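First comes the structure, then the notes that go with it.
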């Protein structure tokens with residue numbers, strides 16, 4: 001049974017999270033041929049004060065930006081994983097499975 005875990009900086013609208021879940025689910029079904037009912041997708045939203053890059057939390061970084069500039073932890077930030085190493089906290093995704101449970 002495929003299990004996909006996704007960590008994102010908190011702040012995206014619920015509809016965007018739902019769309020992400022659907023797209024990832026469908027991609028896993030296509031790529032693995034697994035029964036759709038057996039695919040698991042977990043999304044964990046991390047508060048900006050709990051995610052740091054280079055020793056600076058996203059909340060601290062966003063507070064120091066000029067007004068009107070969106071950060072990684074705010075809605076409407078674009079595509080997952082578009083951060084720049086060391087300046088943005090990249091959204092991470094990885095797939096894990098338990099050996100012997102594949103279909």
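Starting from the 7 Å offset along Cα-to-Cβ, what nm value, one decimal, do you get for the label separation of residue 25 and residue 37?
Between residue 25 and residue 37, the label points sit 1.4 nm apart.
At 7 Å along Cα-to-Cβ for each site, give me the label-to-label distance between residue 16 and residue 65 in nm.
Inter-label distance under the simple model: 1.1 nm.
Please report the Cα spread of segment 5-67 along all three principal axes, rounded to whole Å, starting with the longest.
46, 23, 15
If each residue of separation counts as 0.36 nm, what is the full-extension length gain between residue 44 and residue 5 once their alpha-carbon separation is subtracted?
Full extension of this stretch gives 13.3 nm more.
Quick note: the coordinates plus some simple rules give every number you see, no bench work behind them. Quick caveat, the model's predicted, so the values are computed rather than measured. Please note: Cβ atoms are built from the backbone with ideal geometry, for glycine as well, and neighbour counts cover all protein chains shown.
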